[in-house]
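Asks: This is the structure I want to talk about, given as structure tokens.
What follows is calculated from the coordinates using simple rules that are stated; it is not laboratory data. Just so we're clear, the structure is a prediction, and the values are computed from it rather than from any experiment. Reconstructed Cβ throughout: ideal geometry from the backbone, glycine too, with neighbour counts over all protein chains shown.
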Amino acid sequence: LERTFSILKPDATARNLTGAVNAVIEAAGLRIVAQRRIQMTTKQAETFYAVHKERPFFGELVSFMTSGPVVVQVLEGENAIAKYREVMGATNPANAADGTIRKQFALSVGENTVHGSDAPETAAVEIAQFFSGNDIV
Ligand code: ATP
Ligand code: MG
């Protein structure tokens, strides 16, 4: 079984949608094997999104991700990385397929409700930023 890292972003916690999003995750056959609600610091958000630091939206992204609580999670399942990306839908909700989390819940390309790792290497790094082995059951 594969693991991926997920974040329910501040627009999800602000609208009290964490249970609704988790229901979609679980209905897709992904198991939530670790979960914690946190307030991300600017430093944590900058580290997490370091790959995007030259992008024009980096400042906006960091300020959004620290604008309220997030729920960080580890999801486990067969092909969990690809499966979760499919369940999330396109980055821009205008392009997201019916039934996806972003189609149902996202407000914009920035406030797009969820994050999911894009490859095994990034999943491992992202999980390690927020969870230790003992937290994942
Ligand atoms: P994520 O990495 O959050 O799972 P993604 O892989 O679909 O999303 P990326 O291209 O990695 O998208 O961008 C990371 C995040 O940066 C997006 O989820 C979104 O919140 C934000 N973002 C991307 N493009 C834009 C943009 N043009 N304007 C504002 N925010 C953006
Ligand atoms: Mg990404």
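Asks: Expressed in nm², what is the orientationally averaged projection area of the convex hull enclosing the Cα positions of segment 25-137? Intermediate values should be presented prior to the final figure.
Replies: Details: hull surface 28.5 nm².
Mean shadow area of the hull around the Cα atoms is 7.1 nm².
Asks: Now for a different question. Can you pull out the trypsin sites (Lys or Arg not before Pro) in segment 24-108 whose DSSP state is coil and whose Cβ has at most 12 other Cβ atoms within 10 Å?
Replies: LYS53
Asks: Where does each of 126-135, 59-68 land if you order them by average Cβ count within 10 Å, highest first?
Replies: 59-68, 126-135
Asks: Would you mind computing, in nm to one decimal, how far apart the modelled labels at SER63 and ASN79 are, each placed 7 Å from Cα along Cα→Cβ?
Replies: Between SER63 and ASN79, the label points sit 4.0 nm apart.
Asks: Could you go through segment 7-16 in sequence order and give the Karplus-derived ³J(HN,Hα) for each residue, using 6.51 cos²θ - 1.76 cosθ + 1.60 with θ = phi - 60°, rounded to whole Hz, and x for Gly and Pro?
Replies: 10, 8, 6, x, 5, 6, 5, 4, 9, 6
Asks: Okay, next question. From the phi of every residue in segment 97-105, what ³J(HN,Hα) in whole Hz does the Karplus formula 6.51 cos²θ - 1.76 cosθ + 1.60 yield, where θ is phi - 60° and glycine or proline is x?
Replies: Running phi through 6.51 cos²θ - 1.76 cosθ + 1.60 with θ = phi - 60° gives 6, 3, x, 6, 4, 5, 4, 6, 10 Hz.
Asks: May I ask you to evaluate 6.51 cos²θ - 1.76 cosθ + 1.60, the Karplus curve with θ = phi - 60°, for each residue of segment 28-33 and list the ³J(HN,Hα) values in order in whole Hz, giving x for glycine and proline?
Replies: For segment 28-33, the Karplus curve yields 7, x, 8, 9, 7, 9 Hz.
Asks: Return a single number: how many Lys pairs in the chain, at a sequence separation of 8 or more or on separate chains, have alpha-carbon atoms below 17 angstrom apart.
Replies: 4
Asks: Here's another thing I want to ask about it. Do the sum for the chain: with -39,500 (n - 2.57) for every DSSP H run of n ≥ 4, divided by all residues, what is the mean residue ellipticity at 222 nm, to the nearest 500 deg cm²/dmol?
Replies: So the calculated ellipticity at 222 nm is -10500 deg cm²/dmol.
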